[in-house]
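Note sheet for the following structure.
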Number of protein chains: 2
Amino acid sequence: MNALIILAHGSRRAESNQEVVSLTEAVNAISNQEYSIIEYAYLELAEPGLLQSIDNVIVQGALNITVFPYFLNSGNHVKRDIPAIIETASVKYPDCDFNVSTFIGMHRDIPGLILELARMK
Amino acid sequence: MNALIILAHGSRRAESNQEVVSLTEAVNAISNQEYSIIEYAYLELAEPGLLQSIDNVIVQGALNITVFPYFLNSGNHVKRDIPAIIETASVKYPDCDFNVSTFIGMHRDIPGLILELARMK
């Protein structure tokens, strides 16, 4: 049983956090059952946090968890904070396989998406 | 003369800020001269800041500036901080036309990009 956790930064604005919920629903809708569970989590300022989200999917039976950093650049959150939490989770759940995927900002299509949105104004 | 400023959050990590420089080069490479000038700026933690970048492109002759928020969600940076800086710039440069485009997280392709990157692990 595999799980995907979309990990966003989190915001003080509820509307911003709600976008992550909607995004997770959109990913789920096009995922063609590729993952048994698709969840979201926030690194800061909102709940569930990443460890809590990991607890949740493991309770549901996940043995293989992919954490997707919904971040644009490889700042300290991506390079330091997320690996530290995954290390903690790996110790807590030694039988679960954890993967952290490339963050969204690294996708090759991003430059084209920028020009497209900028054109719409 | 028009300009596009890609506005990223900014990081304490130089490598993270360098990604924004590379991204700007990548956008420029595929832009087919749609903009006379394509620049980058950081909201925090790195330079040039947005006002400094606006000064730079206006010195180069820009009369129409599109600011692209390279942000994933509509948090306080997008909803409060960026509009406040644009208001300041509009007062300073009343003859320049400023537009703030939709932030990158709103692009409809983002859910598919997430699944694609997550699959690569």
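Annotations
- Looking at B:Y93, B:Y42, just one residue is under 18 Å from B:N17 (Cβ atoms) and modelled with pLDDT of 95 or more, and that residue is B:Y42.
- Top-ranked residue in region B:62-78 [being within 18 Å of B:I5 (Cβ to Cβ) and surrounded by fewer than 16 Cβ atoms within 10 Å (Cβ to Cβ); ranked as nearest to the chain's Cα centre (by Cα)]: B:N64
- Number of the exception - A:N17 against (1) crowded, with 19+ Cβ neighbours inside 10 Å; (2) under 30 Å from B:D97 (Cα atoms); (3) not acidic (D, E): (2)
- Restricting attention to region A:68-117, the residues that are over 20 Å from A:A8 (Cβ atoms), of a type in the set (G, A, S) and out of contact with any Phe, Trp or Tyr (no Cβ under 9 Å at 6 or more places or on another chain) total 1.
- Inspection of region A:47-59 identifies no residue that is closer than 23 Å to A:V78 by Cα and within 11 Å of chain B (Cβ to nearest Cβ).
- Elements of type strands (runs of 3 or more DSSP E) contained in region A:5-121, each with 1 or more residues being touching a residue at least 60 places away in the same chain (Cβ under 8 Å) and in contact with a strand residue (DSSP E or B) (Cβ under 7 Å, 6 or more places away or on another chain): A:64-69
- Hits in region B:65-89 (condition: within 19 Å of B:I37 (Cα to Cα) and more than 8 Å from chain A (Cβ to nearest Cβ)): B:I65, B:V67, B:P69, B:I86, B:A89
The values are calculated or read from the model by the stated rules, or taken from the named source; none is laboratory data. Please read all numbers here as calculations on a predicted model, not as lab measurements. Positions of Cβ are generated from backbone atoms using ideal geometry, with glycine treated the same way; all protein chains shown enter the neighbour counts.
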